[in-house]
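The values are calculated or read from the model by the stated rules, or taken from the named source; none is laboratory data. No experiment lies behind these values; they were computed from the predicted model shown. As a convention, Cβ positions derive from the backbone with ideal geometry for all residues, glycine included, and neighbour counts pool all protein chains shown. These accessible areas exclude ligands, DNA and RNA; they are computed on the full protein's heavy atoms, side chains included. Shrake-Rupley method; radii C 1.70, N 1.55, O 1.52, S 1.80 Å.
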Amino acid sequence: MTETTSNQMWGGRFAAGPDAIMEAINASIGFDQRMAAQDIAGSRAHAAMLAATGVISDSDAEAIGKGLLTVLSEIEAGTFAFSTALEDIHMNVEARLKEIIGEPAGRLHTGRSRNDQVATDFKLWVRDQFDAAETGLIALIKALLGQAEAGADWVMPGFTHLQTAQPVTWGHHMMAYVEMFGRDLSRVRDARARMNECPLGAAALAGTSFPIDRQMTARALGFDRPAANSLDAVSDRDFALEFLSVASICAMHLSRFAEELVIWSSAQFRFVALSDRFSTGSSIMPQKKNPDAAELIRAKVGRIYGANTALMMVMKGLPLAYSKDMQEDKEQVFDAADNWMLALAAMEGMVRDMTANRDSLAAAAGSGFSTATDLADWLVRVLGLPFREAHHVTGSLVALAESKNCDLPELALSDMHSVHKEITQDVFEVLGVDNSVRSRTSYGGTAPDQVRAQIARWKDAL
């Protein structure tokens with residue numbers, strides 16, 4: 001960096017530029033150039049407002065607006081020469097603007113600071129990512145609804161502790177993830193609404209003496225209102241932390257589902273077949289079809305959690321208002337956003353393409369004494385046993401079936417009488433898995449009619 005360049009950036013306070021190490025640690029252009037479009041949008045709105053309030057002339061504002069569009073076209077075309085010596089995206093854009101339009105470029109920074117400028121750019125960028133996440137989540141939910149609708153009455157085992165618990169329907173299991181990702185969608189929308197306040201015009205920390213119109217710039221950039229406190233406006237990174245928090249919870253949900261897909265697609269389960277588009281082979285074992293996309297989604301959560309923790313650590317000890325530590329906010333968010341969007345898209349593709357194996361699901365649904373609870377309920381409902389006694393009787397019948405190496409429906413009535421003499425032939429009506437799932441008609445239950453009702457509710461909501 002030359003002394004001349006240093007003085008252009010920082011004015012007369014510094015006689016000499018920083019050495020190479022300082023330049024390297026201080027520069028952010030290597031990553032914050034991703035905010036170029038947001039930076040230019042903010043500057044165009046600011047220039048238009050400065051002209052509207054009489055701070056700069058209309059001709060200067062017009063030159064600035066056109067010049068910024070030229071800069072944006074160069075960046076989008078890949079012909080823009082980014083300079084580490086100019087530190088960040090803001091100074092890179094402003095320096096190129098001066099080369100294009102000359103003196104009017106120097107008036108652009110009136111009434112603002114890089115502190116409120118970067119806060120505005122970053123908010124705009126994060127807001128765009130929230131919008132992308134909303135689109136991705138809606139697509140995933142629709143893919144899950146398609147699977148649920150196709151298999152609303154297909155029986156499968158429900159698990160607790162990854163042990164067979166009770167029969168459920170495939171549609172019910174898919175709808176469980178619709179609810180999970182629906183909460184993620186709600187969090188995305190909630191966080192986006194809360195962050196939608198504009199920092200522009202807060203200047204360095206105290207506002208400005210120029211007669212600026214912050215309502216105008218807020219409206220121009222799609223914000224609901226200007227941020228109400230200039231100190232808070234430049235030091236706030238809650239919006240980035242909320243983005244990472246929402247991303248972390250959603251990534252956890254994606255990881256849980258990915259884990260199930262890994263298990264379900266194994267030769268031991270054969271519940272689902274994943275498409276070739278989201279699987280890979282083995283370099284040595286020709287029979288293998290590996291669920292690599294699911295495994296990579298499962299791993300993404302570590303990077304996203306890490307970004308959340310890292311930014312928390314950056315922010316936890318900072319006094320108001322702006323500190324250079326806050327330059328470390330963006331790389332974490334950029335990486336998390338990239339990986340979250342990729343994971344959402346990959347999961348949506350896998351769900352849309354996967355094929356459930358109805359026969360394997362049904363065979364597994366009837367194993368592991370999955371209708372034991374139905375038997376206990378029958379003993380309570382028909383014979384009037386207290387539930388604790390019914391639980392004990394059922395446990396004894398399960399033990400008897402285990403000793404005979406059969407399942408509960410395969411026990412003879414005489415076998416059941418050896419445990420409880422009042423059991424009748426009618427008990428076998430509740431021991432089938434199809435009867436079991438149809439009986440779970442409570443709101444939110446696994447009965448096919450309940451599943452279809454929830455599908456309809458979600459279709460209306462979307």
Check your understanding: Looking only at residues in the stretch 300-331 that are surrounded by 13 or more Cβ atoms within 10 Å (Cβ to Cβ) and among the small types (Gly, Ala, Ser), which one is nearest to Asn229 (Cα to Cα)?
Key -> Ala321
Exercise for review: Filter the stretch 332-359 down to residues that are crowded, with 18+ Cβ neighbours inside 10 Å and either hydroxyl-bearing (Ser, Thr, Tyr) or outside any helix (DSSP H, G or I) (or both), then give me how many there are.
Suggested key: 3
Check your understanding: Cβ-Cβ below 8 Å, separation at least six or inter-chain, first residue in the stretch 122-151 and closer than 26 Å to Ala456 by Cα, second among the hydroxyl-bearing types (Ser, Thr, Tyr) and open to solvent by 10 Å² or more (accessible area, probe 1.4 Å): which pairs?
Key -> Leu144/Tyr177
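Listed here are the residues, each with its yes/no results for (1) in a loop (DSSP other than H, G, I, E, B); (2) at pLDDT 95 or above; (3) open to solvent by 40 Å² or more (accessible area, probe 1.4 Å).
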site: Phe369; (1), (2), (3): yes, no, yes
site: Leu375; (1), (2), (3): no, no, no
site: Thr394; (1), (2), (3): no, no, no
site: Pro409; (1), (2), (3): no, no, yes
site: His420; (1), (2), (3): yes, no, no
site: Ser436; (1), (2), (3): no, no, no
site: Ser442; (1), (2), (3): yes, no, yes
site: Arg452; (1), (2), (3): no, yes, yes
site: Ala456; (1), (2), (3): no, yes, yes
Point to revise | Scope the stretch 167-209; condition crowded, with 24+ Cβ neighbours inside 10 Å and of a type in the set (Ser, Thr, Tyr); matching residues | key: Thr169
Review point. Identify, please: which residue in the stretch 96-121 is touching a residue at least 12 places away in the same chain (Cβ under 8 Å) and part of a loop (DSSP other than H, G, I, E, B) and is, among those, farthest from Ile64 (Cα to Cα)?
Key: Ser113
Exercise for review: Run down Ala362, Ala401 and say which single residue is over 43 Å from the mean Cα position of the chain (by Cα) and either open to solvent by less than 30 Å² (accessible area, probe 1.4 Å) or at pLDDT 90 or above (or both).
Suggested key: Ala401
Review point. Looking at the stretch 132-152, is at least one residue part of a loop (DSSP other than H, G, I, E, B) and in contact with a Ser or Thr (Cβ under 9 Å, 6 or more places away or on another chain)?
Key: yes
Practice item. Could you grab me the full set of residues in the stretch 136-166 that are β-branched (Val, Ile, Thr) and surrounded by fewer than 18 Cβ atoms within 10 Å (Cβ to Cβ)? Key: Ile138, Thr160
Study note, to complete from the structure: Only one of (1) outside any loop (DSSP other than H, G, I, E, B); (2) among the aliphatic types (A, V, I, L, M); (3) out of contact with any helix residue (DSSP H, G or I) (no Cβ under 7 Å at 6 or more places or on another chain) does not apply to Val93, and that is (3)
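Can you find, within the stretch 245-265, the residue that is farthest from the chain's Cα centre (by Cα) among those that are of a type in the set (Ser, Thr, Tyr) and open to solvent by 30 Å² or more (accessible area, probe 1.4 Å)?
The residue in question is Ser265.
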**Study point:** Options Leu86, Leu108: the member that is at pLDDT below 95 and buried (at least 18 other Cβ atoms within 10 Å of the Cβ)
**Key:** Leu86
